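Laboratory data are not the source of any read-out in this text; all were calculated from the coordinates shown. Small disclaimer: the values here were computed from a predicted structure and weren't measured. Ideal geometry is used to build each Cβ from the backbone, glycine not excepted, and the neighbour counts take in all protein chains shown.
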Amino acid sequence: MFYLQCTGRSGSTFLRDLLNSHPSIRMKGEFLNPNPNARNTLHDFWAQLVQDDRAWIVPVRRAEMVSRFFEAQCSDGGDVVGYDLKLEYLAGEPTLFNPLFAHVDRVVLLKRRNLLHQLVSNDTMRARIASGVTAVHSSETPAPVKISLDPVHAVARMRATSRLVSQYEAKVREIKPVFEIFYEDLAQANRAELLGELQAFLGVEPRQLTSSLSKQNPYPLEETIANFPAVAAALAETEFASFLEGR
């Protein structure tokens, strides 16, 4: 079993779709999603346990609860199973770190080099949802959407994401084998060699992996960010200035 460790809008749905095209890999969704409407999540499983027996609400039973969750999920025979582990959710439940990582053999770290593109992807997704769009991942490229960013807040958000990724990467590298992959490399047409190395890391016979999903934000930043000049001026004075290059 392995975790696909990442932050939101880093390309995990695309990578999950690619890995699911392998006959020996079964990818699960965002199992730490705290949304009460989400199903097959750890929180949903825990809520059912508590409903049946209030004793499960005690924090000291978290490790046992995690074990039961994975036991209930393990119906994939000899397949390699992966779970999408979002760091934003894990950071909100820090006591789960040790119980969770006691159950995996290895970790795939999915990151984005350009955090501005990641931030824009998040905010355009929210703008589309607010306009009534229900499918945030699709085989079709959606129409462009305009967003505005608070320049100071945008820098703060990128720094927070960078700290979160670095914090958990350091912790995980101390205890588990890690394969690092960047979305920007994954999105290239010549990704076959990279995906072959990933499959070898996961212990499966390399195959050609495919996905029907299309890039949802292929538009230039200048066309997407309504106040782009102000955002560019703010980033130019920070460690994120390079994110404006080749935009």
Separation in nanometres of the label points that stand 7 Å from Cα toward Cβ, at Gln51 and Ser21: 3.8 nm
Residue among Tyr219, Tyr168, Tyr83 with the largest mean-square fluctuation in a Gaussian network model of the chain, springs linking Cα atoms under 10 Å: Tyr219
Determine the dipole magnitude for the range 67-171: charges of +1 sit on the beta-carbon of Lys and Arg, -1 on that of Asp and Glu, nothing else is charged, the reference point is the Cα centre, and the result goes in debye to the nearest 20. 540 debye
For the pair Glu197 and Ser131, the simple spin-label estimate (label points 7 Å beyond Cα toward Cβ) gives in nm 3.8 nm
Straight-line reach from Lys215: which lysines have Cα under 22 Å away, leaving out those fewer than 8 places along the same chain? Lys28, Lys86, Lys111, Lys146
Roughly how many debye, to the nearest 20, is the charge dipole of the range 131-247 about its Cα centre, given +1 on each Lys and Arg Cβ, -1 on each Asp and Glu Cβ, and no other charges? 340 debye
Tell me the trypsin sites (Lys or Arg not before Pro) within the range 183-235 that lie in a loop according to DSSP and have at most 13 other beta-carbon atoms within 10 Å. Lys215
Any idea what the dipole of the range 37-119 comes to, in debye rounded to 20, about its Cα centre with Lys/Arg Cβ at +1 and Asp/Glu Cβ at -1? 420 debye
Charges on Cβ only, +1 for Lys and Arg, -1 for Asp and Glu, centred on the Cα centroid of the range 2-244; of Gln167, Val58, Leu18, which one is farthest towards the dipole's positive end? Val58
Charges on Cβ only, +1 for Lys and Arg, -1 for Asp and Glu, centred on the Cα centroid of the chain; of Val104, Asn114, Ser148, which one is farthest towards the dipole's positive end? Ser148
Build a GNM of the chain with springs between Cα atoms under 10 Å: which of Asp150, Asp79, Asp53 gets the top mean-square fluctuation? Asp53
Each label point is 7 Å from the Cα along the Cα-to-Cβ direction; what then is the distance between the points at Glu93 and Arg39, in nm? 1.9 nm
Bin all alpha-carbon pair distances of the range 1-145 at 10 Å intervals from 0 and give each bin's fraction as a whole percent. 10, 36, 34, 18, 3, 0
Starting from the Cα of Lys171, draw a straight line to each of the aspartates and glutamates and keep only those under 17 Å, dropping any in the same chain fewer than 8 residues away. Glu88, Glu93, Asp105, Glu180
With a 10 Å Cβ neighbour count serving as the proxy for reagent exposure, in which order, fewest first, do Ser121, Ser24 appear? Ser24, Ser121
Once Rh is set to the Kirkwood radius over Cα pairs, what Stokes-Einstein translational diffusion coefficient, in µm²/s, holds for the chain at a temperature of 10 °C and a viscosity of 1.306 mPa s? 81 µm²/s
Give me the number: length gained by fully extending Glu71 to Arg173, i.e. 0.36 nm times residue separation minus the C-alpha to C-alpha distance, one decimal in nm. 34.2 nm
Mean-square fluctuation check for the chain, GNM, Cα pairs under 10 Å: which of Ala230, Ala189, Ala200 is largest? Ala189
